[in-house]
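This report refers to the structure that appears directly beneath it.
Read the figures in this text as sums done on the coordinates, not as results from a lab. Please read all numbers here as calculations on a predicted model, not as lab measurements. We place every Cβ from the backbone using ideal geometry, glycine too, and count neighbours over all the protein chains shown.
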Amino acid sequence: MKNLKPATEALIGSLQELLGPQGWVSGTADTGPYVSEWRGLYTGSTPLVVKPANTLEVSSVLALCNEHCVGVVPQGGHTGLAGGAIPGLEDKAEIVLSLERMNTIRSIDADNFTVTVEAGCVLANLQQAVTDAGRFFPLSLASEGSCQIGGNISTNAGGTAVLRYGNTRDLVLGLEVVLSDGRVLSNLNGVRKDNTGYDLKQLFVGAEGTLGVVTAATLKLFPAPRGTATALLAVADPGAIVRLFSGARDALGDEILAFETFPHIAMEMVEEHLPGHRSPLDAAYPWYVLIETAGQLSQALIDQHMLSFLEAGIESGLLTDGVLAQSEAQRAEIWKLRHGISEAQKLAGASIKHDVSVPVSVIPDFIARASDAVAQRLPGIRPVPFGHVGDGNIHFNLSQPEAMESGEFLDLWEEMNDLVHSLAVEMGGSFSAEHGIGYLKRDEMQRLSDPVDLDLMRAIKHALDPQGIMNPGKLLLP
Ligand code: ZN
């Protein structure tokens, strides 16, 4: 990485000529949207944003940048939270490579249950096209209206259906990737069995653009569920939530699509700060669970299974209250509450975020110990632990004490990270379950990861990107 150079006028000119007037922007005003994150943590700079129209153009851009030792920051829908797609954070004047123009769905093979799509396709558009073809693509997350599938792949996005369908990694059958020197690795044949050596495509899933640029993917599709049931439940405490989850797996098996939780304070923030968001329950409760099931049975049967499960929960005392969505509109209302938490928390003052995972059985203990630890350090701090119980993935986010000044609170970012991340790792979990490393967690990666893991990652990085041009300074410390 020490060899990297800023882009020269000559290189910028060559790239502009190569891509034509539609294929680039420069200048502070036009590059502005590409150099800062929506949460406002990171703002960088770039001399040029290139927007190639096809794989060949991506290949030419990388070959040129590699030849000139100029860093390239690949960018999708720009919804990340970890600084992974921000250029110029270390005065390196990297070029941004936006995939936004490569947004075509190349083909849907309904009988093979696959779709082949370009990296810049917005996730919601991909979901819709697949639905129109009578199939189902399960990846779903709060930012699906703007995030792009290439970014989802490069960050191994999780979301709300991981419990049943796995992370993005589990949905990828093949990738087309442009390597740092411009060569193209392509495996889009859509076969489900291929035992010919190393599974190279998986190296690029979750690599955060540090090994190459994902330009297209062949993804697994599923039968469109015939029935869906969604309920919002009231539960006393995290122990009851985990017991309820075990019971749900026993009773409902593979019908469970999502099992999410959030505490009362999250409901309060959403209701207070987001217009049109209201709990469908008559009273306030300490914890909520959003459970969704889906399957190939009729709607009536799916509803009946859910109702039996809810009745059993009330009888056993695990459930205090609950409401089953009676229409698609009610279902959307319930999901809106869960998806609104990040935005509402942002409006409720400064927050320090954590995205940790622990074994599901350990969640109650983790929430209790982490809440104690942060409250001891800062009385009045407001933990908002919410997330994907079924995956053991808790967004242990901390809102500032009401009376505190935000800047003063944010000064505690690293100290709070230390407490929470160390505890998650100590309890057998991960300090970064879903949002990745990016720029934000490089130091934590160095501090908390196994040295053998780090050695192998550096060796792979060096083998695939010897000049270090791909998303320099992200994921691994230089
Ligand atoms: Zn999440």
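Normalised by residue number, the volume inside the convex hull of the Cα atoms of the chain is 151 Å³ per residue. Separation of region 383-434 from region 2-20 is 41 Å, based on Cα centroids.
Given the DSSP H assignment, sum -39500 (n - 2.57) over each helix run of at least 4 residues in the chain and divide by its residue total; what's the result at 222 nm in deg cm²/dmol, nearest 500?
Values: 18 runs with 174 residues, N = 478.
The helix contribution divided over the chain gives -10500 deg cm²/dmol.
For region 187-259, what class follows from the C-alpha gyration tensor (a ≥ b ≥ c being the square roots of its eigenvalues): rounded when a/c is under 1.5, otherwise prolate if a/b is larger than b/c, else oblate? Taking the square roots of the gyration eigenvalues as a ≥ b ≥ c, region 187-259 is prolate. Restricting attention to the chain, the count of lysine pairs at 8 or more positions apart or across chains with alpha carbons under 17 Å apart stands at 14.
From the Cα gyration tensor of region 1-93, with a ≥ b ≥ c the square roots of its eigenvalues, which class applies: rounded if a/c is under 1.5, or else prolate if a/b is larger than b/c, or else oblate? Intermediate results must be reported in sequence, preceding the final value.
Numbers: a/c = 1.70, a/b = 1.35, b/c = 1.26.
Taking the square roots of the gyration eigenvalues as a ≥ b ≥ c, region 1-93 is prolate.
Pull out a ≥ b ≥ c, the square roots of the eigenvalues of the alpha-carbon gyration tensor of region 150-215, then state rounded if a/c is under 1.5, prolate if not and a/b is larger than b/c, and oblate in the remaining case. Oblate. Relative contact order of the chain: 16 percent, from C-alpha pairs under 8 Å at least 6 residues apart in sequence. Summarising the label geometry, the points placed 7 Å from Cα in the beta-carbon direction at residue 142 and residue 403 lie 2.9 nm from one another. Just how far, in whole angstrom, is region 112-172 from region 252-319 if you go by their alpha carbon centroids? Here the answer is 24 Å between Cα centres. In this simple spin-label model, placing a label point 7 Å from the Cα along the Cα-to-Cβ direction at both residue 415 and residue 443 gives a separation of 1.4 nm.
Hey, what's the Kirkwood Rh for region 335-473 if you take every pair of different alpha carbons, in angstrom? Working shown, then result.
Numbers: mean 1/r = 0.0612 Å⁻¹.
Result for region 335-473, one decimal place: 16.3 Å.
For the pair residue 297 and residue 125, label points projected 7 Å from Cα toward Cβ lie 3.8 nm apart.
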